[in-house]
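Please read the structure below before turning to the comments.
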Amino acid sequence: MNDTIAAVATAVGVGAISIIRLSGKDSIKIANEIFTGKDLEKAPTHTIHYGHIVDYETPIDEVLVTVMRAPRTYTKENVVEINCHGGINTTNKVLETVLNHGARLAEPGEFTKRAFLNGRLDLSQSEAVMDIIASQNNDDRICALKSLEGRTTKIIKAYRNELNDLISHIEVNIDYPEYQDIEIITKEKISQKLTNQIKELNEIIEQSEERQSLKAGIKTLIIGRPNVGKSSILNSLLEYDKAIVTNIEGTTRDLVEGNINIKGIPLNIIDTAGIRQTKDLIEQIGVQKSLDLISQADLILVILNGNEQLSAIDQELLEKTLHKTSIVVINKSDLKQHINIESLKDRNIVKTNTKTPAGLKDLKEKICELFNMDKISTLNLTYLSNARQISIAKQALDSLKQALNSLKNNLPVDIIQIDILDAFNKLGEIIGITYSEEVIDNLFRNFCVGK
Amino acid sequence: MKYEVIVVGGGHAGCEASLACARKKHKTLLLTGNIKNIADMPCNPSIGGPAKGIVVREIDALGGEMGRNADKAALQIKMLNTKKGPAVQALRAQADKIVYPKEMLKTLQSTPNLEIKEGMVEHLDIKDNKIRGVILQDGTKITSDIVILTTGTYLKSQILTGCDKYFGGPHGEKNSKFLSDDLKKNGFKILRLKTGTPPRIKKDSIDFTQAQLETGDNICYTFSFDKKAYYDYTKQEPCYLIYTNEKTHNIIKENLSKSSMYGGYVEGVGPRYCPSIEDKVVRFSDKERHQLFLEPESIYYDDIYLQGFSTSMPHDIQEQMVHSLPGLQNATILKYAYAIEYDAIDPRQLKASLETKIIENLFTAGQINGTSGYEEAAGQGIIAGINAALKIEHKEPLILKRNEAYIGVLIDDLTTKGIKDPYRLLTSRAEYRLLLRHDNADLRLRKYGYDVGLITEKQYQDLLEKKENIASLEEKLKNTYITPQKDINKYLEHVNTSAIKDRISLYDLLKRPEIEINNIQKFITFNYPEDVIEQVTINAKYGGYIEKAQREARKMLDLEQKQIPDNIEYSKIPNIASEAKEKLEQIRPRTLRQAAMISGVNPSDIAILMVYLKKGAKND
């Protein structure tokens, strides 16, 4: 961590201003070398300076430079932020200049990693920052921000406190067996309490997973017979919404073709590139393969040609998608219609044609309706914000279920307590508590025992 | 005068420490303020209980004396938590306060290499951070290789009742005025702690008909694995249960400012688990009554210990309080309750061997380390004694791990986390309590006792035989099957367990919660001692959980493997938070596992420390 790192801190190509951030002990020195204006090395901390970025006397951009000295910075290191004009060329040129003068291009999340390693953030806070970096729409950003404020910590803490009450009650019965005034917690009571706790944790996990899939993008499959207009609908969607963020790389590369953002809802279009090249999904890879894709998708757009009657393949696709979140798009609505709408009355239907944009607008609205962000936002955000947290929460849930199971099998309370404690400790891992005396503190707070 | 080991203080820690050293054939001197008070029980007349009872068995397994001595002194004995599972069961005995010290003194006096002398130690003879001996009040200098301090509550102790405060130890004994200053001068951080004891009531002034009878178990239990019945279990002394009432509470509330605690006369930190009755009334004001036990102290005198009624009220208020209790309207108080304040050292200044980090060859054990309880003291005492002897023998110290013994949990907690209030063992302090059972203390620890030389060949052979028996019975049950025959299934249904469809081994059948060993004996005859059958039953029924606990323990041991070099300079490690640096510098954990347990040291600090240690290894 002795070197100085730099990266573009704002989203590429969006907004009027881009920020290039440097962190590390040489960041002020490097910025000063390429800056005409005030001597930045003498600038007090947390000050902004006007000037130009020059690369060996070649002016690059007119900028504002913020100087923040360690340790009161995000990474606890010297940090410089260069505000330059947005636009990919200028931004890249400024970044290049910075790199040419001794900074190293930061790896994804490296600023946060430094913040974490320098003790600026706790584990769950830094995970939340990673989430902000990765988040693709505004709603997720809110969630991530809430987590930053310790939202996850708060939820898990509250949940653990409830569990702790149960644990300390069992413990006090064990450590003070002869206190007849202290209620002996019965197996029925433990069972009741566990059932509630399991339900609650289950809800937290389910909501979190729902959010996870939203954050990752809604896997969307556009499906239909040849020549019904799949490509034109896809292209129109892409055309209609300019906010194609990126072709997603990495693990999803071979699955997802493109990412469309509709009013903050990311749609990942499941790869139909092969289909378009070979003209037709159904012909080339068969019904079975298309069914596999259907099962993987979160949203299916079934494209029909309104100008023709439903074929056997249309019928089969409609049937297979009946229980999935799906929209039936009746394309070519400008031509004479041959489909009996009455037979599709239980489905979400949108009519489109390439002549007018109204149908596409309807399609977008339908998608928003199905994945109602407003509704989700009003849920009280009781979810965990990343995969690690969800996975630990699931382990905790398993332990609680095991405890309930042992209880039903009439195992003694000290054995049941092992699994409850296990869940309690797992949940502690989510918020970075590896060791604590909480149980004992709670025991003495709540029960009157002693010689 | 030259000894190999001097033990200062003849309480429960001192007795075990001096016995361990002397039995390991090192010339040992036990110094006490008063020989008559050796192994005295100044507070409750009982030994054992949850967690503590397991410690007593651990001491016995290692070759200590407390278990056997408690068996000799037992007035009443009870197995606690029998319905709550194998991990938390424990023995608790009412012990005769005359017999216990008398028997212990007999043992001490008959142990070769052990000399007992009266004398108050005033100073430690230290040169170049190494102990050389002690200096008594009268100026006598006694030299030794090792000194073990087991001074209990006697360091600068003050007795408090109401606004009355005077220097002195329990039982009107002299206290030690200068020793803690000596320790402070040598760099020890001194803590001020407080504890208390309830009044003693004259037995025949109590109307027991108004109290609820509490009897012992009608079984001959013993703490010691030697299982010698020293007491007659058919003649156990009863205890009684009574409750405080509104009148008691009103007296306390009206006179609260007169108590030492609430009048602001106490500076020491009292134990949370041992609140005074005024504490209980104030903190739990919604409770209409608090439970009190009337416990016999001895069959040789008349005192009844009023458990649950410890107070620092002045004598006249104590009279009123006691007389408000049912059956005690006309009670005579023989000894008034008092609070006691005393000095202790911050136990984070100790190594896990209980040798101090500051002064070489100086060990401390018991209440001086901030614990409370006879059992906690004795447990530390035997470890300090063993390690003092091992040090003389130039051998590695015996350090019990958290998954091996409650004593290990106790010492690890003390030396890595330190204390805020007097430390008492609780089962909830042990992460692996299913492994740390009272029934398997011998299987866990006898080998250690044998290796250090405190367990005899005969005792060790008995242990090996027990292990063989366990293995052979398990083998037998695993290799004997029953098949779904009509009469077998009929029997199974008769004992409320489901019928079998396929053949099943008796071992698997024993795993069923409804099945006990006597049900198994319906299908097979064998003749094994009860403790062998008990082990096999527990292993069968809870095997999955035991394995899980062992897995968890292994994870912990992995971190334990990651040693931190003694000469590490935390100030030179970049990026560790300054609070963590300070804590690490102060405690100087031996391993990453210990470092991770320190409050104020965050996972990020551990990550950095881990990286730093790896780097260091590469550079070397």
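What do the square roots of 5 times the Cα gyration tensor eigenvalues come to for segment A:5-115, in whole Å, largest first, as semi-axes of the equivalent ellipsoid?
19, 17, 12
Among B:K541, A:K320, what is the fewest-to-most ranking by other Cβ atoms within 10 Å?
Ranked by crowding around the Cβ, least crowded first: A:K320, B:K541.
Kirkwood hydrodynamic radius, computed over distinct alpha-carbon pairs, for chain B: how many Å, to one decimal?
Evaluated on chain B, it is 26.2 Å.
Beyond 16 Å, how much of the Cα-Cα pair distribution for segment B:457-555 remains, as a whole percent?
That fraction is 60 percent.
Equivalent ellipsoid semi-axes for segment B:142-234, as square roots of 5 times the alpha carbon gyration tensor eigenvalues: give them largest first, rounded to whole Å.
38, 25, 11
By how many nm would the segment from B:D217 to B:D181 grow when fully extended, if each residue of separation counts as 0.36 nm and the alpha-carbon distance is taken off?
My answer for the length gained is 8.2 nm.
For A:T153, B:T415, what's the fewest-to-most ordering of other Cβ within 10 Å of each Cβ?
The most exposed by this proxy come first: A:T153, B:T415.
Find the centroid of the Cα atoms in segment B:55-134 and in segment A:157-193, then give the distance between the two in whole Å.
33 Å
Run the dipole for chain B about the Cα centre, Lys and Arg Cβ at +1, Asp and Glu Cβ at -1, nothing else charged, and hand back the magnitude in debye, nearest 20.
It comes to approximately 1400 debye.
In percent, how large is the relative contact order of chain B, given Cα pairs closer than 8 Å and 6 or more residues apart?
Here the relative contact order equals 17 percent.
About the Cα centre, and with charges only on the beta carbon of Lys, Arg (+1) and Asp, Glu (-1), how big is the dipole of segment B:200-339? Nearest 20 debye, please.
Dipole about the Cα centre, nearest 20: 220 debye.
What are the radius of gyration and Dmax of segment B:209-306, computed over its Cα atoms and given in Å?
Rg, Dmax (Cα atoms, Å): 18.3, 53.
Using each residue's phi in segment A:177-182, evaluate 6.51 cos²θ - 1.76 cosθ + 1.60 at θ = phi - 60° and report the 3J(HN,Hα) Karplus result to the nearest Hz, with x for Gly and Pro.
In residue order, the calculated couplings are x, 9, 7, 6, 7, 7 Hz.
At 7 Å along the Cα-to-beta-carbon direction for both A:I48 and B:E493, put a label point, then send me their distance in nm to one decimal.
Label-label distance for A:I48 and B:E493, simple model: 8.5 nm.
Take chain B, mark every one of the GluC sites (Glu not before Pro) that falls in a DSSP loop and has at most 14 other Cβ within 10 Å, then report the longest stretch left between them, sites excluded.
B:1-266
Give me the percent relative contact order of segment B:1-133, please, defined on Cα pairs under 8 angstrom at least 6 residues apart.
That works out to 30 percent.
For the charge dipole of the protein assembly as shown, defined by +1 on Lys and Arg C-beta atoms and -1 on Asp and Glu C-beta atoms about the Cα centroid, which residue among B:L400, B:G370, B:N330 has the Cα displaced farthest towards the positive pole?
The listed residue farthest towards the positive side: B:L400.
Defining a contact as two alpha carbons under 8 Å apart and six or more residues distant in sequence, what relative contact order in percent does segment B:457-555 show?
This gives 27 percent for segment B:457-555.
Evaluate the Kirkwood expression for the hydrodynamic radius of the protein assembly as shown, namely the inverse of the mean inverse distance over all pairs of different C-alpha atoms, and round to one decimal in Å.
34.4 Å
Among the listed pairs B:K72/B:K174; B:K2/B:K156; A:K113/A:K154; A:K25/A:K93; B:K357/B:K401, which are separated by more than 25 Å between their Cα atoms?
B:K72/B:K174; B:K2/B:K156
What does the charge add up to near B:L294, with Lys and Arg as +1, Asp and Glu as -1, over the other residues with Cβ less than 12 Å from its Cβ?
-3
Test of the criteria: in segment B:148-182, which trypsin sites (Lys or Arg not before Pro) are in a DSSP loop and have at most 13 other Cβ atoms within 10 angstrom of their Cβ?
Nothing satisfies the criteria.
If each of B:K555 and B:K351 carries a label point 7 Å out from its Cα toward its Cβ, how far apart are those two points in nm?
3.1 nm
Quick one: what do you get for segment B:1-159 if you divide its Cα Rg by 2.2 N^0.38 Å?
Against the empirical 2.2 N^0.38 Å value, I get 1.14 for segment B:1-159.
Taking the Cβ of each residue in B:F523, A:F35, A:F111 as the centre, tally the other Cβ atoms inside 10 Å and list the residues starting with the fewest.
Ascending number of Cβ neighbours within 10 Å: B:F523, A:F35, A:F111.
Picking from B:P484, A:A358, A:I269, whose Cα lies most toward the positive end of the charge dipole for the protein assembly as shown (charges on Cβ: Lys, Arg +1; Asp, Glu -1)?
A:I269
Expressed as a whole number of Å, what is the distance separating the alpha-carbon centroids of segment B:192-243 and segment B:17-53?
21 Å
Specify which residue in the list A:L40, A:N78, A:T10 is farthest towards the positive end of the charge dipole of segment A:5-115, using unit charges on the beta carbon of Lys, Arg (+1) and Asp, Glu (-1), about the Cα centre.
A:N78
Using +1 on the beta carbon of Lys and Arg, -1 on that of Asp and Glu, and nothing else charged, what's the dipole of segment B:284-386 about the Cα centre, debye to 20?
Rounded to the nearest 20 debye, it is 260 debye.
Quick note: the coordinates plus some simple rules give every number you see, no bench work behind them. All values reported here derive from a predicted model rather than from experimental measurement. Here the Cβ is made from the backbone with ideal geometry for all residues, glycine too, and neighbour counts use every protein chain on show.
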